[in-house]
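One structure below.
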Amino acid sequence: MEDKINDILTRGVANVIPAKNELQKALSSGQILNIYLGIDATATKIHLGHAVPLRKLQKLAELGHNVTFLIGDFTALIGDTSDKDTERPVLTAEEIEENFKTYKKQAEKILDFSKIKVVHNSEWLSKLTFKEIVELTQKFSLGDFISRELIKKRLAGNGRIGLHEVLYPVMQGYDSYHLDTDLQLGGTDQTFNMQAGRTLQKIMRNKESFVLATSFLIGTDGRKMSKSWGNAIWLEDAPRDMFGKVMAIDDEVIIDYYTLGTNVKLDEIEAIKERLASGENPIKVKKELAFIIVSELHDEKAAVDAKDYFEKTVQNKELPEDMPTTTLDPDTHLEASELLVTLGLATSRSEAKRLIEQGAVLVNEELVGTPNQEIIPEDNMIVKAGKRNYVKIILK
RNA sequence: GCCGAGGUGACGGAGUGGUCAAUCGUAACAGACUGUAAAUCUGUCGCCCGUUCGGGCUACAUAGGUUCGAAUCCUAUCCUCGGCACCA
């Protein structure tokens, strides 16, 4: 119990407001807390970084707290046409449900929804009257809003700030009030908005509540893991891809991945840190990490296969046993460049030509020298273009 | 509505009459190297054709036009952004 609380309070935590030890007291008191985490209703894909607060939510649910998963469908329902940057189309209620279904399928790898209540904030936000909204806005100060770094920058430049943007923290704060929240979770980018909930709980209920902001996970290229950078490990990545992506991370972030991306116990992670510090080859540790991540998000069998595949194809440069096959007529005599296109190893003949000229194409382990070299297909002939793409030819 | 800026390849962003299939960065791909699918280095990065070297086609919001020649100039249209105005 104490261990679990300690884990919740330290692992991947960027900030606890008002203070870590206060939250610890609340969590240890035996009291059942109202806890929630909100997501954008447009979200459909989850990556390992998104999963950080989800893991925390799950652990809190396991401790028996009253945990709510909130779908922020209200802004998606009213649309946000003035804010073109974020491309928020108006979604119908059906689309929102559809989105959540895809989201949930992935989130279930981490969350046990039988322990977690799901709500939509349109349920209460759409019912607020203008009078109520005005009263709510009175409780916030514009100064706080514009003193944020990002807003300041936009004000200083000629970036435009829509008035409605001021209302987002207000809405989020009202969510928190409506759920009578004791603790709100979110990524550290949500800290400001989450604090609005504290503000309202204090003013309207005279109740102290907590905000726990989780850290970002570094992506496979060293920058913050993000949808738009293309450096994310997605929960739905196929096991072999996932394994490979983990292997591609910088050695320096191995411990971050253990901490933020797995459920490995903190003291075990300490031991791993020791091993790395003592000069153990990082690739070994990284392989263990990749194995754990794949096991947790898929299953152990998939992890065994992915590890095996990685060792064979990447480390030993062997050909995999189960490579894609294409059936060809024995009479098809094609030029090498054409063959690559028909096999789907290149999208155009120009590309095929380039690959051949770069020495990337092997037929039965033999280098193909020129693009117009004629290839006579044989049964079980293996055509390889680059390190990772191969096709086995089967004759009709 | 008015004024201003602008719409270029996956993205960011140069180019403002020929030397532009279009600088550069990122991403991607290939090769070398490596404990790794990392990093680094090198190369490639519209399509099609002929073995180097070239040739052709399609492209710089859309449609026309000027010109021997346009991503670059003109006209119209559509769209984006910012400011101002209007809002009975």
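The values are calculated or read from the model by the stated rules, or taken from the named source; none is laboratory data. Just so it is clear, the model here is predicted, and its values are computed rather than measured. Don't worry about glycine lacking a Cβ; one is built from the backbone with ideal geometry, like all the others, and counts go over all protein chains shown.
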What residue, of A:Gly38, A:Gly12, A:Gly64, is of a type outside the set (Val, Ile, Thr) and over 29 Å from A:Asp237 (Cα atoms)? A:Gly64
The condition from (1) within 13 Å of RNA strand B (Cβ to nearest atom); (2) more than 34 Å from the chain's Cα centre (by Cα); (3) surrounded by fewer than 18 Cβ atoms within 10 Å (Cβ to Cβ) that A:Ala352 misses is numbered (3)
Within region A:162-264, helices (runs of 4 or more DSSP H) holding 2 or more residues that are more than 15 Å from the chain's Cα centre (by Cα) and surrounded by fewer than 16 Cβ atoms within 10 Å (Cβ to Cβ): A:191-205
Name the single residue that is modelled with the lowest pLDDT among those in region A:121-161 being among the charged types (D, E, K, R), loosely packed, with under 15 Cβ neighbours inside 10 Å and part of a helix (DSSP H, G or I). A:Lys153
Number of positions in region A:323-349 that are more than 12 Å from RNA strand B (Cβ to nearest atom) and closer than 17 Å to A:Lys387 by Cβ: 4
Six or more apart or on different chains, Cβ atoms under 6 Å: show the pairs whose first residue is in region A:283-295 and more than 16 Å from A:Glu270 (Cα to Cα) and whose second is part of a helix (DSSP H, G or I) and of a type in the set (Lys, Arg). A:Phe291/A:Lys307
Sort through A:Glu280, A:Glu270 and tell me the only one that's closer than 26 Å to A:Lys59 by Cα and either at pLDDT 80 or above or outside any helix (DSSP H, G or I) (or both). A:Glu270
Out of A:Gly369, A:Gly386, which single residue is at pLDDT 85 or above and out of contact with any His (no Cβ under 9 Å at 6 or more places or on another chain)? A:Gly386
Selection within region A:54-111 - under 20 Å from the mean Cα position of the chain (by Cα), part of a loop (DSSP other than H, G, I, E, B) and modelled with pLDDT of 80 or more: A:Glu108, A:Lys109, A:Ile110, A:Leu111
